[in-house]
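Shown next, in structure tokens, is the structure this report addresses.
The values are calculated or read from the model by the stated rules, or taken from the named source; none is laboratory data. These figures come from a predicted structure and were not determined experimentally. FYI the Cβ positions are ideal-geometry reconstructions off the backbone, even for glycines, and counts take in every protein chain you see. Only protein heavy atoms, including side chains, enter the accessible area calculation; ligands, DNA and RNA are left aside. Shrake-Rupley method; radii C 1.70, N 1.55, O 1.52, S 1.80 Å.
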Amino acid sequence: MSGRVLIDQPGLDEAAVERIRADFPILLERPHGKPLVFLDSAASSQKPVQVIAAMDDYYRRYHANIHRGVYHISELATEAYEEARRKVAGFINAPSADECIFVRNATEGLNLVAFAWGRRNIRRGDAIVVTEMEHHSNLVPWQVLAQETGAALRLVPVDDAGLLDLSQLDALLDGAKIFAFTAVSNTLGTVNDVALLAARARAAGAISVVDACQAVPRMPVDVQAWGCDFAAFSGHKMLGPTGIGILWGRLALLEAMPPFMTGGGMINVVRLQSSTYADVPARFEAGTPAIAEAVGLGAAVDYLESVGMDAIHSYELALTRIALDRLAEVSAVKVFGPPMAHRTGVISMTVGDIHAHDLATILDSEGVCVRAGHHCNQPLMEKLGVPATARASFYLYNTASEIDVLIRGIEKAKGIFGIA
Amino acid sequence: MNDFGGVDDLYRDFILDHYRHPRNAGTLENPDVTFEDNNPLCGDRIRMDVRIAGDRIEDIRFAGRGCAISQASASLLTEAVKGKTVAEVQQLSDDAVLENLGISISAVRLKCALLGIKVLKSALALKR
């Protein structure tokens, strides 16, 4: 699995994208009287009517708590919840749906691994390896685990091109128990070679934990081909609702893990002094879960599969190449991140000395939504030598003409700030 | 949807002037109080050095980096508070600071516009 897919064909033609756009009601909104140009899908994607309708349908027709009810609508709800789990499992080619745990988001999934696997297996003197390009959600849980256990936290550096510097990886992985890394950088758009990194971790005797947040929405993902041990991702970045995400893990690892949170739904036998726990995945889903959100995520998977992940990936790469070409023609624009062959549809930039927040405010006045800030990646920002960047990210509903609007907005910002 | 007069209103010439040429920029040799803070959402950072004579702000400098709104707001603030008493500044409301700024600030940019006064009040609190 890698980002080096041929982009000779755009993946989706103009008519297909217009049909897709018609499924997203929010694209009819006109902020500040301008058409909405949503270039912040890496933070959270928009939702098609199919997802909204599936959740609405659940609430209108068969809302009930799952697993415990013996009546008809509870059965329907339980079946829809478990069907969503099977859909997600198929989507990432998990060997078993039981390996897909519903969590709130990737952050919770990563914390679950750090808490349940980490606190059982990490001892003083062990090493935990992460990379410099991690989102805070795949850095801070490991910092805390290292601090609590006395383990060492080691960092794989990022080179000037925005790629992982793997030259010292063997030394870094020596004695490591965990190698946690992202599949795609949310800041630079760098696509990492997950299969290679997972294999290196395995060879060193470490488990691999993949932040798959940016990968699962935008490229075909096969966790078996990746060969990793855990992968976490959020539903809201892949057309699904907020409040639902997935932690996938190898069954043998999950079965050996103690619970993360405890309470109802995750037990087998409860006595006053002690309890036994349910099997995976229920063991890790304490309390009433986000049922409607799971149903919505299932509908999102259906939608993505109906378009096709290969087509989505190719189209996003085509948009990215167009955007990089256009931005290269604009003076004072500096784009961060690796060359096209190693990236996907996330572009971080600065424009002259305009602060990213000022740029984003001016772009907003043109209806263009970009993210401005450190992208939950403060150490990487320091490395890039900027306090913040503006980040444009593309998805299946974006168009080349929206890139024109972005460019015009950047020119407007340059005008206001007097930059040639 | 509130448009707050648009970006042309936000990025007026005097705001950009204070951003490009901040007043009272730099540090003080022997400040009575110093405080630095940042806005973790966007990385705006401001440090304020204050010299206090009696109960009045005799001199003030600020150093920082960040967006035009945060830096211009801090610059304007330093001009406004010089000669004022510590108590007067501590009682300055956010609204008063925004009024002094003279532009309409949307909710998401409030933290930028108010970072300067937050840092200054924190600095003055060290005096007590």
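In peptide A:298-311, what is the residue-averaged number of other protein chain Cβ atoms found within 10 Å of each Cβ?
Mean inter-chain Cβ contacts per residue within 10 Å come to 0.
What share of the DSSP beta bridges in the stretch A:52-306 is antiparallel, in percent to the nearest 5?
45
Looking at the stretch A:59-98, which chymotrypsin sites (Phe, Trp or Tyr not before Pro) are DSSP coil and have at most 12 other C-beta atoms within 10 Å of their C-beta?
A:TYR71
Which entries in B:LYS82/B:LYS127; A:LYS87/A:LYS177; B:LYS82/B:LYS118; A:LYS34/A:LYS414 show an alpha-carbon gap greater than 23 Å?
A:LYS87/A:LYS177
Springs between alpha-carbon pairs under 10 angstrom, Gaussian network model over chain A: which of A:PRO220, A:PRO259, A:PRO25 fluctuates most?
Per the Cα network of chain A with a 10 Å cutoff, A:PRO25 tops the list.
Evaluate the charge dipole of the stretch A:291-397 about its Cα centre and quote only its size in Debye, nearest 20, assuming +1 on the Cβ of each Lys and Arg and -1 on the Cβ of each Asp and Glu.
With Lys and Arg at +1 and Asp and Glu at -1, about 340 debye.
Roughly what % antiparallel, to the nearest 5, for the DSSP beta bridges in the protein assembly as shown?
70
Using protein chains only and a probe of 1.4 angstrom, how many square angstrom of A:THR149 are accessible, to the nearest 10?
Approximately 30 Å² for this residue.
Ignore the peptide's own chain and count Cβ atoms of other chains within 10 Å of each Cβ in A:244-253; give me the average, rounded.
Going residue by residue through A:244-253 and averaging, the value is 0.
Can you give me the angle between helix B:110-125 and the longest principal axis of chain B, using Cα atoms only, in degrees from 0 to 90, rounded to the nearest 10?
Between helix and principal axis, roughly 10 degrees.
Using Cα atoms only, what is the angle between the long axis of helix A:400-416 and the major principal axis of chain A, expressed in degrees (0 to 90) to the nearest 10?
Once rounded, one gets 60 degrees.
Rounding to the nearest 10 and keeping the result within 0 to 90°, find how far the Cα-based axis of helix A:72-91 lies from the longest principal axis of chain A.
The angle comes out near 60 degrees.
Can you tell me the relative contact order of the stretch A:52-306? Whole percent, Cα pairs under 8 Å, sequence separation 6 or more.
Averaging sequence separation for qualifying contacts and normalising by length gives 24 percent for the stretch A:52-306.
Find which of B:GLN91, B:PRO22, B:ALA53 sits farthest along the positive direction of the dipole of the stretch B:7-126, computed with +1 on the beta-carbon of Lys and Arg, -1 on that of Asp and Glu, about the Cα centre.
Projecting each Cα onto the dipole axis, the largest value belongs to B:PRO22.
Summing -39500 (n - 2.57) over the DSSP H runs of n ≥ 4 in chain A and dividing by its residue number, what mean residue ellipticity at 222 nm do you reach, to the nearest 500 deg cm²/dmol?
-11000 deg cm²/dmol
Is there a quick way to get the dipole size of the protein assembly as shown? I mean about its Cα centre, with the Cβ of Lys and Arg at +1 and of Asp and Glu at -1; what is the value in debye to the nearest 20?
In debye, rounded to 20, the protein assembly as shown gives about 1080.
Per residue, what accessible area does the protein assembly as shown have, given a 1.4 Å probe and all protein chains present, in Å²?
Here the residues of the protein assembly as shown average 41 Å² of exposed surface.
Got a sec? Charge dipole of chain A, +1 on Cβ for Lys and Arg, -1 for Asp and Glu; which of A:VAL184, A:ALA328, A:MET340 is way out at the positive end?
A:VAL184
Farthest toward the dipole's positive end in chain A, which of A:GLY264, A:ALA372, A:TRP226, given Cβ charges of +1 (Lys, Arg) and -1 (Asp, Glu) about the Cα centre?
Checked the options; the winner is A:GLY264.
Between A:LEU196 and B:ASN30, how many nm apart are label points set 7 Å from Cα along the C-beta direction?
According to this spin-label approximation, the distance is 6.0 nm.
Taking each residue of B:64-70 in turn, how many C-beta atoms of other protein chains fall within 10 Å of its C-beta, and what is the average?
Per residue, the average neighbour count from other chains is 5.
Not counting the cut sites, what is the longest span of chain A without trypsin sites (Lys or Arg not before Pro) that DSSP labels loop and that have at most 16 other Cβ atoms within 10 Å?
Value returned for the longest uninterrupted segment is A:272-420.
Please give the total accessible area that chains B and A bury against each other, computed with a 1.4 Å probe and expressed in Å² to the nearest 100.
Chain pair B/A: roughly 1600 Å² of buried accessible area.
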